[in-house]
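Undergrad: There's a structure below that I have some questions on.
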Amino acid sequence: MPVLSPASSEEIRAILSETHALWGEGMTLDDYIAFVRAQMESPWGRENFQYLVWKEGALVLSSLKLYRLQARCGSRHVTLGGIGAVYTPLAQRGHGHARAMLAAVLERLPAEGAHGALLFSDIGAEYYRRLGFRLMPSHEFSAPLALIPANRSSPFVVERIRDTDWPDVERLYERATASDSFVLQRSSAYWDHWRRKTQERLKRLPAGSTSPRHWIARRRRESVGYALTVFEPPALVLKELIVADGDQEIADALLAAIQRDGERLGAVRLVGWWPPLAWSRFLLSAGLHPRPRTRELTMIASFDPALDVQQLAACGDLFWATDHF
Ligand SMILES: CC(C)(COP(=O)(O)OP(=O)(O)OC[C@H]1O[C@@H](n2cnc3c(N)ncnc32)[C@H](O)[C@@H]1OP(=O)(O)O)[C@@H](O)C(=O)NCCC(=O)NCCS
């Protein structure tokens, strides 16, 4: 009977050598391996991120990444197992190994205190549906940058985020999402992990292929909103847009800054995941519309009545692209 166990260094290397072509993002193999290791070795990663293998003796039959995520669902705190990079070595495909491994993970997660499991599927919904996952709303948008209104008179100063601004960003996220019906909770260690991941990616990708453009809005000296974007020529990708008190004017100022920056960079389109919950109203008011995503489909399996997937699905999209692991 195969068993689930933490992958050794050699096993991770062997898996990454195969997944490099699929998920290497254009990095060299050594950089891709170093990129994954850096994520495992951050303080948050050491506590909340494991590479697991499904093994029969010494033979690796399948593999995945498993994250431990904290969320709030209504007034309940829930823990989610985040499943990523499900991969069966080519020589082992088609024998039900990934299915058996996922079933073992789903059996183990409740015993470890998880209320549910989350993944972003690149292979459609059917495979994971059969394992008990439910498809959640998963949308994206893509619009000519010129469509975004570039409001030039605004009471807000919008500047690039500096290192010293991140504590404000963390606080804004926490406060502004406090009334959302569902939210992934982000500790300072999580934010640190996310920033490290971004930096580690940046230093390893071919120059010019991606550049983070992060913005903070201030009224007088007070930070009142932020937007995380990445320029991936020829598109500017919106990853997250958070404002204090749901203030439309702050969102408009941030979108206008993004629009002007995109024009300077020569970007032609603004694209991204459709924002979660009520955050999407800022894009709707800028004339943008959602369409279903074909990749990175959000799927959740629930092990606990506190995590009602039907109710969740009715809320709309649930995650920012920033939450993708
Ligand atoms: C998807 C994957 C993990 C399945 O591994 P496996 O051990 O062969 O899986 P199982 O034997 O349990 O199931 C095989 C089934 O997977 C499904 N499947 C595999 N690849 C698929 C794809 N690209 N799209 C949709 N379904 C797919 C099919 O239903 C297949 O059944 P079939 O062989 O009758 O067509 C494996 O194909 C793989 O590693 N692919 C590359 C990485 C990847 O895309 N991972 C998924 C990320 S969300």
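The values are calculated or read from the model by the stated rules, or taken from the named source; none is laboratory data. Fair warning: this is a prediction, and the values are worked out from it, not measured in the lab. Reconstructed Cβ throughout: ideal geometry from the backbone, glycine too, with neighbour counts over all protein chains shown. Heads up: the accessible areas ignore ligands, DNA and RNA and are worked out on the full protein's heavy atoms, side chains in. Shrake-Rupley method; radii C 1.70, N 1.55, O 1.52, S 1.80 Å.
Undergrad: Give the range 94-103 a look and list any residue that's near the ligand (Cβ under 6 Å from one of its atoms) and either within 15 Å of Glu11 (Cα to Cα) or open to solvent by less than 20 Å² (accessible area, probe 1.4 Å) (or both), or say none. Walk me through it before giving the result.
TA: Restricting attention to the range 94-103, the residues satisfying the condition of being near the ligand (Cβ under 6 Å from one of its atoms) are 94-99.
Answer for the range 94-103, where residues must be near the ligand (Cβ under 6 Å from one of its atoms) and either within 15 Å of Glu11 (Cα to Cα) or open to solvent by less than 20 Å² (accessible area, probe 1.4 Å) (or both): just Ala98.
Undergrad: With the requirement that a residue be of a type in the set (Ser, Thr, Tyr) and open to solvent by 20 Å² or more (accessible area, probe 1.4 Å), what does the range 130-145 give you? Before you say what the answer is, go through the steps one by one.
TA: Within the range 130-145, the first condition is being of a type in the set (Ser, Thr, Tyr), and the residues that meet it are 138, 142.
If the condition is that a residue be of a type in the set (Ser, Thr, Tyr) and open to solvent by 20 Å² or more (accessible area, probe 1.4 Å), then Ser142 is the only one that fits.
Undergrad: Would you say Arg219 is more than 15 Å from the chain's Cα centre (by Cα), open to solvent by 30 Å² or more (accessible area, probe 1.4 Å) and more than 25 Å from Ser42 (Cα to Cα)? Please lay out each step first, then the result.
TA: On the way: more than 15 Å from the chain's Cα centre (by Cα): yes; open to solvent by 30 Å² or more (accessible area, probe 1.4 Å): yes; more than 25 Å from Ser42 (Cα to Cα): yes.
For Arg219, the condition - more than 15 Å from the chain's Cα centre (by Cα), open to solvent by 30 Å² or more (accessible area, probe 1.4 Å) and more than 25 Å from Ser42 (Cα to Cα) - is met.
Undergrad: Which count do you get for residues in the range 256-301 that are assigned to a helix (DSSP H, G or I), touching a His at 6+ places or on another chain (Cβ under 9 Å) and surrounded by fewer than 20 Cβ atoms within 10 Å (Cβ to Cβ)?
TA: Going through the range 256-301, the residues assigned to a helix (DSSP H, G or I) turn out to be 256-265, 277-285.
Within this subset, residues satisfying the condition of being touching a His at 6+ places or on another chain (Cβ under 9 Å) are 280, 283.
When the remaining residues are screened for being surrounded by fewer than 20 Cβ atoms within 10 Å (Cβ to Cβ), the result is 280.
The qualifying residues number 1.
Undergrad: If you take the residues of the range 54-93 that are assigned to a loop (DSSP other than H, G, I, E, B) and free of Cβ contacts under 8 Å to residues at least 12 places away in the same chain, which of them is surrounded by the most Cβ atoms within 10 Å (Cβ to Cβ)? Please lay out each step first, then the result.
TA: Let us first name the residues in the range 54-93 that are assigned to a loop (DSSP other than H, G, I, E, B), namely 57-58, 74-75, 88-89, 93.
From the residues that got through so far, the ones that are free of Cβ contacts under 8 Å to residues at least 12 places away in the same chain too are 57-58, 75, 93.
Working: Gly57: 6, Ala58: 6, Ser75: 7, Arg93: 11.
Ranking the candidates gives Arg93 first.
Undergrad: Now for a different question. Tell me, which residue of the range 106-120 that is in a helix (DSSP H, G or I), touching a residue at least 24 places away in the same chain (Cβ under 8 Å) and surrounded by fewer than 21 Cβ atoms within 10 Å (Cβ to Cβ) is farthest from the ligand (Cβ to nearest atom)?
TA: Kept after step one, since they are in a helix (DSSP H, G or I), are these residues of the range 106-120: 106-111.
Checking which are touching a residue at least 24 places away in the same chain (Cβ under 8 Å) leaves us with 106, 108-110.
Still in the running and surrounded by fewer than 21 Cβ atoms within 10 Å (Cβ to Cβ): 106, 108, 110.
Values: Leu106: 13, Arg108: 17, Pro110: 21 Å.
Ranking the qualifying residues of the range 106-120, first place goes to Pro110.
Undergrad: Oh, and also: Among the listed residues Tyr127, Tyr51, identify the single one that is open to solvent by 10 Å² or more (accessible area, probe 1.4 Å) and either touching a strand residue (DSSP E or B) at 6+ places or on another chain (Cβ under 9 Å) or among the aromatic types (Phe, Trp, Tyr) (or both). Break it down stepwise before answering.
TA: Values: Tyr51 fails: open to solvent by 10 Å² or more (accessible area, probe 1.4 Å).
The unique qualifying residue is Tyr127.
Undergrad: Would you point out which residue out of Val53, Val78 is under 21 Å from the mean Cα position of the chain (by Cα) and either over 22 Å from Phe303 (Cα atoms) or in the same structural domain as Met299 (by TED's automatic domain parsing) (or both)?
TA: Details: Val53 fails: under 21 Å from the mean Cα position of the chain (by Cα).
The conditions single out Val78.
Undergrad: If you don't mind, there's one more thing I want to ask. Could you check Arg186 against (1) within 16 Å of the ligand (Cβ to nearest atom); (2) open to solvent by 20 Å² or more (accessible area, probe 1.4 Å) and say which number it fails?
TA: (1)
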